[in-house]
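Following: one structure in C-alpha cells, then a few remarks.
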Amino acid sequence: MNGPFEFTLRLGDDALIAAQRLAEWTTRAPEMEEDIALANIALDQLGAARLLLTYAGELEGAGRDEDALAFLRDDREFRNCLLVELPNGDFAVTMAKLLFLSAYQLPLYTALAGGADERLVAIGAKARKESAYHLDHASLWVRRLGDGTEESHRRMQAAVDEIWPYTAELFAPDPGAPVDPSTLRPEFERVVTEVLAEATLTRPESGWAPAGGRDGLHTEHLSYLLAEMQVLHRAHPGARW
Amino acid sequence: MYGNDFGPPEEAPGGGLLGEVEAAEAALREAAARQRRGAPASDDDLAGYFAEVIEADQKIEPRDWMPEKYRKTLIRQIAQHAHSEIIGMQPEGNWISRAPSLKRKAILLAKVQDEAGHGLYLYAAAETLGVSRDELVDLLLNGRQKYSSIFNYPTLTWADVGAIGWLVDGAAIVNQVPLCRCSYGPYARAMIRICKEESFHQRQGYEILHSLSHGTPAQKAMAQDAVNRWWYPSLAMFGPPDGESTHSAQSMAWKIKRFSNDELRQRFVDMCVQQAEVLGLTIPDPDLRWNEERQAYDFTQPDYDELMRVISGDGPCNRQRMAHRRRAHAEGAWVREAAAAYAAKRAAEKKEKVAA
Amino acid sequence: MSDPSPLWEVFVRARRGLSHTHVGSLHAPDAELALRNARDLYTRRQEGVSIWVVPAGAITASSPDEKDAFFDPAADKVYRHPTFYEVPDGVAHL
Ligand SMILES: [Fe+2]
Ligand SMILES: [Fe+2]
C-alpha cells in the first residue's frame, strides 16, 4: 500500500509545510542576519518540496504536477508529519522544530542517496547537504538559547518539552518503504541527545505520542495554513501565473 | 534545488541597465589608475586634496579626510537607503505565504531575502563613516530617520508584487545606477553589487505582470488595477521637483548625486512607456504623449502634496510598517541577549584556560 | 561591558586558485555565528568557497581606521540572475 508514491508524497509534504512555516519569519526574525538565514532554509525546503512533489506526481501518473499537489489537495489528503505544521511559536519553538526535523531529514536523505531509485538518489544527495546545514544552524541556536540567559534557557526548555512528543510519529515503522523510518531513530537520538546536553537542556521523557499526519489526520492548525497558502491559486481555477 | 527553472541565459536587451552598472565598474577601475599626486602635502592641504580626488573622479575612502558635511550627508543618505531596503521587505513579504505557484513563492522569497541583504550591505557601508548600525536602527525605530515613502502603500493583490518589481524596483534602479559612480568608495561598491541584484527584481516583476496581462480577464484586470495604483507613487520616488529639492546642489558638486530628480523621473517615464505597451497595460495618465521637440514624453506629475503627507507619517501604512519593525526588534531582544551572554561565557572560559 | 555584537570583516575565496578577498563586514556575537552569517549574506551558500571572518578590532592597518568594504558580484541561485527571466521581444531598458 505504502509504495514509492505515498513515500515521496510524505517527504514532499514535510518539506513544503516546513517551508511555509519558516517563510512566515520573513521580516520578523530576531536579527536581520537571521531573517536571511531562515529564508535560506525555507528556500531549501521549498526546493526539495518541488522536486519531491514533481516526482510524486510522475509516480502517481494522474497528470498532477507540483502545483496541483500543493494547491489543490485538501488537508485530509496531506501526508506531512504533525511536527512541521505546528505554529512557529517564539524563536525557541522554531529552533526546536528545526532541530528535530533536520536531525530526522539528514539520515533520511542520506539513506535515500544510497538507495535504489535513481531520482530519489539524486534528490537525497542534494537535500542531504542542505539538511546538514539546517541541523548545524538549529544546533548552534539551541546551544546559545539553552546556555544563554536565564530567560532563554527557560524558553528553550519549554520549547523542547512542547515539541518533543511530536518526534515519535517521524519514526513509525514502514518496512515496505524505500527507507524504513524506524531505522533512522538511533542516529536521531544520538545527535539530539548530544545537542541537548551541550545546551544544558533536559531531554524530555517519552510519553504522549500524537500521530496521524501520515494518514491525513492532522492538527487543527493545518487547515488554516492551507487556507492561506491555497487561497489565490484556487480563486482562479486553471489560471497560469 | 531549482533544476526545472533553468532557461537559456540571454543577454539583457540593448545592454540596458546592467550595461550601465558594468560601465560604472569599469570607470571606477580606470579612474583609480589615473595619475594624480599621492597624498596631501600638509594638514592645510586636506580640503584641496579632497577636491582633487573628487575632480579626478576617484573614490574617497573611509580613512580619507572629508568635510564634515560630506560625511553627514552620506550617513543620512546611506542610512535612509538601508532603512528603505529593510522596511521595503514588508509589502512584498505580505504575499509570500499566498504566492500562486511554488515557483513564484521561491522567487519572491529569494527577492525579499535579497532586500534584507541590501539593507545589511548598506548599513555596513554607513558604518565605515563612523556610525554604528545600532545607532542607525534606533534612529529608524524612533522615527528620526526616514525610509522611502513608497513602502507606505499597501499590497492589496498578487499583481501588486508584479507592479512593485516592475515600477518600484525599476524606479529604484534608475535612481541607483548613477550611485554606482558615487564619489564615496564603499557606497559606490555596495551600489554596484545591489544594482546587479535589482535587475533580477525588476525582471521577475515584469514577468509576473506579463503572465497576468496575458492570462484570464480577471488576471488582466488585477494587473491593470495594480499599475493604476503604483504608477504615481513610483514617480514620486524620485523626490520633489528640482526647484524644491533641498540637498541637490551640494550633493551634485560632491558627486554623490549625478542627476537631478526631474532628469531621473523623465528617464524612468521614457523607459516605462514602451514596456507598458508590450505588457498590453495602460499607464494611468491621459496626458502622456511623445514630445518631438524635447525628444521625451510629456507626463502628469505625481501629487507632491500627497508625497509630503506620506513622508511626514500619514500614508496608508506608515504606522503599520513601523509597528511591525519595532515589534520584530523588541520580540528578538531576548534572543540577541542570549547570544551575547553565550559568547561572553565562552570568552570567559577561554581566558580562564589561558590563565590556568 | 564589551560590545555584545562586534563587527567582523569577511574575506571570501570565490574559487579555487584565487586568494581571499575582502567582501564586507557584519555583526555577530561570536566567531561561529559570524561565519554562519557571512555564508548566508556574502555567498548565499555557494559551494567550493572558503570564508574567513576576522574581528574588525584585530586588524592592524597602516591607516588605523580603514575598514573599507569591497563588494564582488556573487554567482547565486539561477533565478537571482536577471538573465534567467524571459523578456518579451522588443522590450528595452529592463
Ligand atoms: Fe534592494
Ligand atoms: Fe529590489
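Identify all residues within region C:12-21 that are in contact (Cβ under 8 Å) with a residue 40 or more places away in the chain and surrounded by fewer than 18 Cβ atoms within 10 Å (Cβ to Cβ); write none if there are none. Hit for region C:12-21 is C:T21, nothing else.
If I ask for residues that are in contact (Cβ under 8 Å) with a residue 12 or more places away in the chain, outside any loop (DSSP other than H, G, I, E, B) and not small (G, A, S), which ones from region A:216-233 would you list? Answer for region A:216-233, where residues must be in contact (Cβ under 8 Å) with a residue 12 or more places away in the chain, outside any loop (DSSP other than H, G, I, E, B) and not small (G, A, S): A:H221, A:L222, A:L225, A:L226, A:M229, A:Q230, A:H233.
For B:W158, indicate whether it is farther than 22 Å from B:I75 by Cα, touching a residue at least 24 places away in the same chain (Cβ under 8 Å), within 12 Å of ligand 2 (Cβ to nearest atom) and facing another protein chain (nearest Cβ under 9 Å). It is false that B:W158 is farther than 22 Å from B:I75 by Cα, touching a residue at least 24 places away in the same chain (Cβ under 8 Å), within 12 Å of ligand 2 (Cβ to nearest atom) and facing another protein chain (nearest Cβ under 9 Å).
For region B:116-140, what are the residues that are within 16 Å of ligand 1 (Cβ to nearest atom) and either part of a loop (DSSP other than H, G, I, E, B) or among the small types (G, A, S) (or both)? B:A116, B:G117, B:G119, B:A124, B:A125, B:A126 - these are the residues of region B:116-140 that are within 16 Å of ligand 1 (Cβ to nearest atom) and either part of a loop (DSSP other than H, G, I, E, B) or among the small types (G, A, S) (or both). Identify all residues within region A:26-70 that are more than 8 Å from chain B (Cβ to nearest Cβ) and open to solvent by 30 Å² or more (accessible area, probe 1.4 Å); write none if there are none. Hits for region A:26-70 are A:E58, A:L59, A:E60, A:G61, A:A62, A:G63, A:R64, A:D65. Scanning region B:214-242 for residues that are open to solvent by 10 Å² or more (accessible area, probe 1.4 Å) and of a type in the set (S, T, N, Q) yields a count of 3. Looking at this structure, is B:Y147 part of a loop (DSSP other than H, G, I, E, B) and within 16 Å of ligand 1 (Cβ to nearest atom)? Yes. Checked against the criterion of being under 30 Å from A:R240 (Cα atoms), within 16 Å of ligand 1 (Cβ to nearest atom) and either of a type in the set (S, T, N, Q) or at pLDDT below 90 (or both), the candidates B:Q113, B:Q77 yield just one match: B:Q113.
Applying the criterion of being within 11 Å of chain C (Cβ to nearest Cβ) and either surrounded by fewer than 24 Cβ atoms within 10 Å (Cβ to Cβ) or more than 13 Å from ligand 1 (Cβ to nearest atom) (or both) to the residues of region B:165-176, the residue that is farthest from B:D57 (Cα to Cα) is B:W166. Annotation for region A:207-227: no member residue is over 17 Å from the mean Cα position of the chain (by Cα), modelled with pLDDT of 95 or more and buried (at least 21 other Cβ atoms within 10 Å of the Cβ). Taking the criterion of being open to solvent by 20 Å² or more (accessible area, probe 1.4 Å) and either of a type outside the set (V, I, T) or in a loop (DSSP other than H, G, I, E, B) (or both), the residues of region B:72-89 that qualify are B:K72, B:R76, B:Q77, B:Q80, B:H81. Could you check, for region B:52-66, whether at least one of its residues is surrounded by 17 or more Cβ atoms within 10 Å (Cβ to Cβ) and among the aromatic types (F, W, Y)? So far as region B:52-66 goes, no, none of its residues is surrounded by 17 or more Cβ atoms within 10 Å (Cβ to Cβ) and among the aromatic types (F, W, Y).
The set of residues from region A:142-156 being assigned to a helix (DSSP H, G or I) and open to solvent by 20 Å² or more (accessible area, probe 1.4 Å) comprises A:R143, A:E150, A:E151, A:H153, A:R154, A:R155. Out of the residues in region B:90-100 meeting the condition of being open to solvent by less than 10 Å² (accessible area, probe 1.4 Å) and not in a helix (DSSP H, G or I), tell me which one is farthest from ligand 2 (Cβ to nearest atom). Checking each candidate, the answer is B:P100. Working carefully through the options B:S251, B:S211, find the one that is in contact (Cβ under 8 Å) with a residue 60 or more places away in the chain and in a helix (DSSP H, G or I). So the residue among B:S251, B:S211 that is in contact (Cβ under 8 Å) with a residue 60 or more places away in the chain and in a helix (DSSP H, G or I) is B:S251. Of the numbered criteria (1) touching a residue at least 12 places away in the same chain (Cβ under 8 Å); (2) closer than 15 Å to A:G12 by Cα; (3) assigned to a helix (DSSP H, G or I), the one A:F100 fails is (2).
The values are calculated or read from the model by the stated rules, or taken from the named source; none is laboratory data. In this text the structure is predicted, and so the values were computed from the model without any measurement. A quick note on method: Cβ atoms are made from the backbone with ideal geometry, for glycine too, and the neighbour counts reach across all protein chains shown. Areas reflect the complete protein model, heavy atoms only, side chains present, ligands, DNA and RNA absent. Shrake-Rupley method; radii C 1.70, N 1.55, O 1.52, S 1.80 Å.
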